[in-house]
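The values are calculated or read from the model by the stated rules, or taken from the named source; none is laboratory data. Please read all numbers here as calculations on a predicted model, not as lab measurements. Every residue, glycine among them, receives a Cβ derived from its backbone with ideal geometry; neighbour counts consider all protein chains shown. These area figures cover heavy atoms from the full protein model, side chains too; ligands, DNA and RNA do not enter into them. Shrake-Rupley method; radii C 1.70, N 1.55, O 1.52, S 1.80 Å.
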Amino acid sequence: MSDELPGFPYRPDPLATGAVVASGTTCVCCGRARGFIYAGPVYAVEELSYLLCPWCIADGSAAAKYGAHFIGDPIGDDVPLEVVMSVGACTPGFSSWQDPQWFFHCGDGAAFMGAVGAAELVAFPDAREELRSEADAWGWSAEAVESYLGALDKDSQPTGHLFMCRTCGRYMAYADST
């Protein structure tokens, strides 16, 4: 039987988004097999993929013991370094085609909602507009931008990564591909 998963303010559903998976693996940090293991990226000197439990990420012990962090580059509003460090050390990250980025907004870390494609973005017009602006900045024609946005796929590439500001509720996204 597994323990109840810890809560992650910046990653509301780590099971649904694939950051945490059911596993009998023993965590290298705490030495316990709790029924779940972290399946996302770990930025550390040691190779720690699929070896850390969510509890050691949530309480910061994996970050402290291994000098690890779990998110990519922060983007967005200026936020205190302590907030960036807390999000990076105590939040499950996500895999991306290139280096992942993490949104910050309203002075806090945004919540990662998951990978999205064109179909999912219909429900998030603010995020879709942000992606349109990102693609416009590349100097593409309007037709090329719309074609690109229509090709977004949550399971393939290009992929959108959706975030929600925990303060104002605004949805943000960026696109990623190889």
| said: Looking at the range 25-38, can you tell me whether even one residue there is over 18 Å from the mean Cα position of the chain (by Cα), in a helix (DSSP H, G or I) and free of Cβ contacts under 8 Å to residues at least 12 places away in the same chain? | reply: no
In the range 43-78, anything under 24 Å from F104 (Cβ atoms), open to solvent by 30 Å² or more (accessible area, probe 1.4 Å) and part of a loop (DSSP other than H, G, I, E, B) is listed as A44, D59, G67, D77, D78
From the option list E120, E143, E134, E129, single residue qualifying as under 17 Å from the mean Cα position of the chain (by Cα) and free of Cβ contacts under 8 Å to residues at least 60 places away in the same chain is E120
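Is it the case that some residue within the range 7-16 is more than 15 Å from M113 (Cβ to Cβ), part of a loop (DSSP other than H, G, I, E, B) and either open to solvent by 30 Å² or more (accessible area, probe 1.4 Å) or not hydroxyl-bearing (S, T, Y) (or both)? Can you show your working first?
Of the range 7-16, the ones more than 15 Å from M113 (Cβ to Cβ) are 7.
Narrowing further to those that are part of a loop (DSSP other than H, G, I, E, B): 7.
Keeping just the survivors that are either open to solvent by 30 Å² or more (accessible area, probe 1.4 Å) or not hydroxyl-bearing (S, T, Y) (or both) gives 7.
Looking for residues that are more than 15 Å from M113 (Cβ to Cβ), part of a loop (DSSP other than H, G, I, E, B) and either open to solvent by 30 Å² or more (accessible area, probe 1.4 Å) or not hydroxyl-bearing (S, T, Y) (or both), one finds at least one in the range 7-16, hence yes.
Residue under question is D155, and the condition is that it be in contact (Cβ under 8 Å) with a residue 12 or more places away in the chain, within 19 Å of V84 (Cα to Cα) and acidic (D, E); does it hold? Explain how you work it out, then say what you get.
Working: in contact (Cβ under 8 Å) with a residue 12 or more places away in the chain: yes; within 19 Å of V84 (Cα to Cα): no; acidic (D, E): yes.
Spelling it out, it is not the case that D155 is in contact (Cβ under 8 Å) with a residue 12 or more places away in the chain, within 19 Å of V84 (Cα to Cα) and acidic (D, E).
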(1) in contact with a strand residue (DSSP E or B) (Cβ under 8 Å, 6 or more places away or on another chain); (2) open to solvent by 30 Å² or more (accessible area, probe 1.4 Å) all hold for G88 apart from (2)
